[in-house]
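Computed from the coordinates by the stated procedures, all read-outs in this text should not be read as laboratory data. Everything quoted here is computed from the prediction, not taken from an experiment. Note: ideal-geometry Cβ built from the backbone for every residue, glycine included; neighbour counts use all protein chains shown.
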Amino acid sequence: MKKLTAEDMETKSPDLVADNIERLKVLFPEAFTEGKIDFEVLKQLLGGAVDEREEKYGLNWHGKRRARQLALTPSAGTLRPCPEDSVDWDTTQNLMIEGDNLEVLKLLQKSYAGKVKVIYIDPPYNRGKDFVYPDNFQDNTTNYLELTEQVEGGKKISSNTEASGRFHTDWLNMMYPRLKLARNLLAKDGLMLISIDDGEVSSIRKICDEIFGPENFEATLVWEGGRKNDARRVSVGHDYIVIYTRDSSFLQELDVRWRERKAGLEDVYTKAEELRTLHGSDYGSASKALQAWFKSLPEGSAPKEHAHYKMIDAGGVWYGDNISSPNPRPNLTFDWKGYAPPTNGWRYDRDAMESLDKEGLLIYPESTEQRIQYKRYLHQTEMWSPASVFYKDRRAASKSLAALMGGEVFDFPKDVEVLARYIGTMTSPSDVVMDFFAGSGTTGHAVIAQNSVDGGNRRYILVQLPEPLDAENKEQKTAAAFCDKLKKPRTIAELTKERLRRAAKKIKEENPMFAGDIGFRVFKLDSSNIRTWEPDRDDLPKTLEESAEHLKKGRSEKDILFELLLKLGLDLTVPIEEKTIASKTVQSIGAGTLMVCLSDKITTNEVEPLALGIIAWHKQQSPAGETTIVFRDSAFSDDVAKTNLTAILQQHGLENVRSL
C-alpha cells in the first residue's frame, strides 16, 4: 500500500513543466540525452521554425519570465467544502470558490482541463485603488491566507497606484499566469471573453496573442454604455470585450455560427397572433392592422425596426424582397416566365428560382416590366450574428443589483442581460461557464437566468478572493455594513454568495415552472490536509509525536475526500455514495472510480470483512476504468493489518491501493 505524502505529484496540482517535457519526448526523442533536452539537436529538428533574433515583436516587461514560471509551479493547496454556506449542496452542479484565483486555477487543472466552454472575466482595470495583488509569490497559498486575514502574518494588501514605477508591470504579472492557466481549462471549441478598458486593451491583446495565438483572436466588441460627464476633453463612454477562441480552425471545421434573436420580435409575434385571432383568414385586414400598429409605435422602439414586415398570411408575418441581385451577375441573366432579368441579373440560379416558385414564395406583379419579389418570412430571418458594437446603459445594471440587494453594495457591476445574451449565443444548453474574477456574481446569475429562458442546464464555476472590506473606507462602508447585517465576515466573497442566493430566489419566483439548478457548492482555498515535514528545532519530540498522524488536525473526512477528488482529477460535483461495511463508513465516488475509507481505526480482525465488502461493492458498481482505493494510514493497528488488507484487495484485481 503506497503512502501518499505532500511531496507526491498525486497530492499536488499538475506539474505542467513535466507534462511539457513528456510531450517533447514523444515528438522529439532524439533531442534528449540522459533525460536532459539537447537544445542544439532540438533546433536542428525544428529547422527554420526557430527564431534566434535578439529583437522580436511582442510585449516584454520586467518579471515576465517569473510570471510564466508561476503558472507552471504546482500548487499543494486544497479546496475545503463548506456545505453550510451552500445552496442545494446535495444536488447542485454549480461551484462558488473562495480563494486566490491563481491557486484555484492550478487546483482545477486535473478535474476541469478541456471542459469549460466559455470563460468570461472582468479583471481589475488597473486604476489603482481596486487592484489588490500579493507582494510575495513564494508560497501563494500561505500568502493568500495572510492577505485575507485567516492567519497572522502581517502581510499588507497593496494597491497598484499610478505613482508606482511598475504600474503596468504589476498588472501584467498578475494577469499573465492566470490567462495561461485559464487556456488549459477551455474546451477545444471554447472561448475566452475579457472585459477591459482603454488603459490595458493593447496589453491584453498582446499577451493573449502570445498565450492563445494571434490566429485565435476572434473580435473586439465595443460596449457603449453612456457618456461620462466628468471628462475634461473627450467623454469616453465605451469599454471592450476581447474574444479569443481556443482553436479557431476547429470552429471553422465545425462550421460554428453564433446567432441571436433580434430585439423586439416578441412584441411583433404577439401582435401578429392577436390580429390573426381577430381577423381569421382575412389576411388583408390583418395586414392593414399590422401596418397601422407599426405606425403607432414611437420612434426608436425595438419592434419598429421590423416595420418592413407588413403582411400576414397563413405562413406568418412577411415582406416582399427584391429577387434581383445587388451585385452584377451576368451568368444569371436568363428570362424567367416572360420577365426580363434585372440589370445585375437574378439573385438565384434557375434551380433555386424553380424551388421558390413551387413553394409559392415568388410574388409576380401584374406587369412584366415590374420586378419579381419573394416572400421573406420573419421566422426565417429572425436570427443574426452578434454585432461588434452595441449599446447598453451600465446604470441599468447598477440599479437592478441595488434593487436585488437592497442597496448599492457594488460599484460598476456587470450586466446580467448582456452576459446572458452572449452565454445563450455562444454556448450549448449543457456547457460549463467560468468566471475567476467573480465580483458581484453576475456571471453565475446570468447562467441561471439563461437556463430559465431556454431550459438549459449550463453550469457555472465562480472564483472570488475573500478580500476584506474596510468599514472605515467610505467606498466600502455600505458593503461592510451589509455583511454585518447578514452576520457574515466582511469580505467581497460573502457579497458574491448572497447575490447568488437572492438571484436564484428571484428567478424561481419569476419562473415558477423552471426546475433547473439554482444552487451552488461553496469551497474555500486552504493549505493541504496532508501534513508536511516542518520540524520545530526547539522541540523535536513534539514534532515527531505530531507527525505520527499524517493528516492535519481539525480537518474533516469531507475535507480529505474532496482533496482526493481534486488531486485525482474528478469533478467536485461527482455523485458520492456512502455505505457501511464492517462497521466502517466507505464512500464510492464516480460509480466506483474512487473508493475511500477514512475510518480512524482498523484492527487486524476487521481487515478481511472490510476488504471483502469493498470488493463486493466494487463488483456491483462495475466501473469502466481503474479504481483507486484510499485509507487513512494511521488507522491500521499495525503493519500486518495494512499488509493483509492490501493483499486481499490485490488478489481480486484492485491493485491501486493508497493511504493518507
> How far, in degrees from 0 to 90, does helix 201-212 lean away from the longest principal axis of the Cα atoms of the chain, to the nearest 10?
Replying inline: 70
> Using +1 on the beta carbon of Lys and Arg, -1 on that of Asp and Glu, and nothing else charged, what's the dipole of the stretch 265-384 about the Cα centre, debye to 20?
Replying inline: 220
>> Below 16 Å, Cα to Cα, which lysines can Lys505 reach? Residues fewer than 8 away in the same chain don't count.
In response: Lys497
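Set the Förster distance to 41 Å, then compute FRET efficiency between Asn473 and Glu417 from the Cβ-Cβ distance, nearest 0.05. If you can, show how the numbers build up before the last one.
Numbers: r = 30 Å, r/R0 = 0.74.
Computed FRET efficiency for Asn473 and Glu417: 0.85.
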>> Lysine pairs in the stretch 265-384 with Cα distance under 20 Å, only those 8 or more apart or on different chains: how many are there?
In response: 15
> Dipole of the chain (Lys/Arg Cβ +1, Asp/Glu Cβ -1, origin at the Cα centre): which of Ser659, Ala647, Pro303 lies farthest to the positive side?
Replying inline: Pro303
> Hey, what angle do you get for helix 394-405 against the long axis of the chain, alpha-carbon based, 0 to 90 degrees rounded to 10?
Replying inline: 50
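Sort Glu475, Glu557 so the one with the fewest other Cβ atoms within 10 Å of its own Cβ comes first.
Values: Glu475 11, Glu557 17.
Starting with the residue having the fewest Cβ neighbours, the order is Glu475, Glu557.
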> Any idea how far the Cα center of the stretch 322-346 sits from the one of the stretch 570-622, in Å?
Replying inline: 75
> What spacing in nm lies between the two simple spin-label points modelled at Lys558 and Arg376, each 7 Å away from Cα in the Cβ direction?
Replying inline: 5.8
> Which one of Gln373, Gly190, Ala402 has its Cα pushed farthest toward the positive end of the charge dipole of the chain, where Lys and Arg give +1 and Asp and Glu give -1 at the Cβ?
Replying inline: Gln373
>> Give me Val41, Val447, Val630 sorted ascending by neighbouring Cβ count inside 10 Å, so fewest comes first.
In response: Val41, Val630, Val447
> Which whole-angstrom value gives the distance between the alpha carbon centres of the stretch 233-295 and the stretch 178-212?
Replying inline: 30
>> Can you sort Ser527, Ser367 from fewest to most other Cβ atoms within 10 Å of each residue's own Cβ?
In response: Ser367, Ser527
> Taking 0.36 nm per intervening residue step and subtracting the Cα-Cα distance, what contour gain separates Asp321 from Glu253 on full extension?
Replying inline: 21.3 nm
